[in-house]
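Undergrad: Quick one: the structure is below, questions incoming.
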Amino acid sequence: GSVKQGEYLSFLEKIEDTHMDIVYSMLKDRKNREEAKQFIQGELDRTRSFCESLGVIQEISPRSHDMIIGCGERLSAGLVAAVLREEGLRSVNVDLSNAFPKGLDTSRRGYQHTAKRTFGAMLQPLVKQGIIPVVSGFFGSVNRGIIKGVGRGYTDLTAALCAGALHADALQVWK
C-alpha cells in the first residue's frame, strides 16, 4: 500500500514538522536544540530509507513492522529527554531497540526475567550516576513481532520490567 506508493513520505513530513515545532517552542538552549534536531532528523531519515527499501521489496516482516512502529516512541523518548535537560535535569534517551539483537522469544517461559536483567544492565549504571533514563516502550526484536509476541500493552510491560529491574518502590503509567 502506502510504502509502495511513497505515501509514507507525507506522513513522515508531518511527524517531522510536529516534532520540530516542539523543539523550537520548548528548547531554548542552542546546543540542546541542535542535538534534538539532529536526533529527530536522523531517526526520520532511517525510517524513510527503511520504508523506501520496503517499497522495493514489497514485503514486510514482523521485525520490519516493529522497526516502523517503534519510530514514534524513539522520537518521543528523545524529545522528552531533551526537555528534561532543558529544565536542568540530567537525562538521557535510552533506546531499547537493540536490546535483543537475536530477538526475544516471548513464547518461552520466563522471558520476562531475561528482559528485566537486560534492562537492568542498561539502566542501573545511569541511575547510579544520577541520570534520568528516558525509555521508549518499544524494546526491539521479538519473535513473531512485538504486537503478536507481546500484544498492544507492550509499553506497559516495558515500564513494569524497567521498574522491576531498578527495584522501584512504585510504577506510574500515564495515558
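Undergrad: With every protein chain left in place, what is the accessible area per residue of the range 28-74 in square angstrom, probe 1.4 Å? Display every interim value, and only then the final one.
TA: Values: 2810 Å² over 47 residues.
Computed with neighbouring chains in place, this is 60 Å² per residue.
Undergrad: Which of 110, 70, 140 moves the most in a Gaussian network model of the chain with Cα springs under 10 Å?
TA: For the chain, modelled as a Gaussian network with Cα springs under 10 Å, the answer is 110.
Undergrad: Strictly greater than 30 Å: what percent of every Cα pair in the chain meets that? Please list the in-between numbers first.
TA: Details: 3322 of 15225 pairs.
Counting every Cα pair in the chain, those more than 30 Å apart make up 22 percent.
Undergrad: Computing the accessible area with a 1.4 Å probe over protein heavy atoms, can you report the carbon and sulfur percentage for the range 12-117?
TA: 52
Undergrad: Choose one answer from 120, 137, 55: the residue with the largest mean-square fluctuation in a GNM of the chain with alpha-carbon springs under 10 Å.
TA: 55
Undergrad: When the chain is treated as a GNM, springs tying every alpha-carbon pair under 10 Å, which of 164, 78, 130 comes out with the largest mean-square fluctuation?
TA: 130
The values are calculated or read from the model by the stated rules, or taken from the named source; none is laboratory data. Note that this is a predicted model, so its numbers are computed, not measured. Remember, those area values only see protein heavy atoms, side chains included, never the ligands or the DNA or RNA. Shrake-Rupley method; radii C 1.70, N 1.55, O 1.52, S 1.80 Å.
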